[in-house]
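Step one of this worksheet: look at the structure below.
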Amino acid sequence: MTPFRELDPLLHSQLRLAIMSILISVDSADFIYLREKTEATAGNLSVQIGKLKEAGYISVKKSFGESYPQTMCRITELGRKKFAEYVAALNDYLGPKV
């Protein structure tokens, strides 16, 4: 039996995986959109975005528009690579398709 690949602990968190799953399919997403889609609290979402940014998986651009701050998130090439590796590792766990 082939040993299973290790799952990326950064992506194995439910909220961080949700953030990455959203960002993989869009050009960019703002903080409010991510909060609504993940149903996370603003504080928890902020912390998890910070962890993904620190790892280089996403980029974050903060600006001020229409009288309120705006935080835009975008997946990086490293993030795309790590997400693909994570999905491939999960497929190893699921085994061959019948």
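Wholly within the stretch 1-70, which helices (runs of 4 or more DSSP H) include no fewer than the required count, namely at least 3 residues that are farther than 25 Å from N91 by Cα? Full working, then the answer.
Numbers: elements: 14-23, 31-38, 42-54.
Here the list reads 31-38, 42-54.
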Exclusive hit being surrounded by 14 or more Cβ atoms within 10 Å (Cβ to Cβ) and among the aliphatic types (A, V, I, L, M), set I32, I24, I19: I19
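Being over 13 Å from the mean Cα position of the chain (by Cα), surrounded by 11 or more Cβ atoms within 10 Å (Cβ to Cβ) and touching a residue at least 24 places away in the same chain (Cβ under 8 Å): is that true of Q70 here?
When the stated conditions are applied, Q70 passes them.
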Residue count, the stretch 73-98 (criterion: in contact (Cβ under 8 Å) with a residue 12 or more places away in the chain and either surrounded by 12 or more Cβ atoms within 10 Å (Cβ to Cβ) or not in a helix (DSSP H, G or I) (or both)): 14
Those residues of the stretch 60-89 which are among the hydrophobic types (A, V, I, L, M, F, W, C) and farther than 22 Å from V26 by Cα, in sequence order: A89
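Every read-out reported here was derived from the displayed coordinates using simple, explicitly stated rules and does not represent laboratory data. Quick caveat: nothing in here was measured; it's all calculated off a predicted structure. Every residue, glycine as well, gets a Cβ built from its backbone with ideal geometry; the counts of neighbours run over all protein chains shown.
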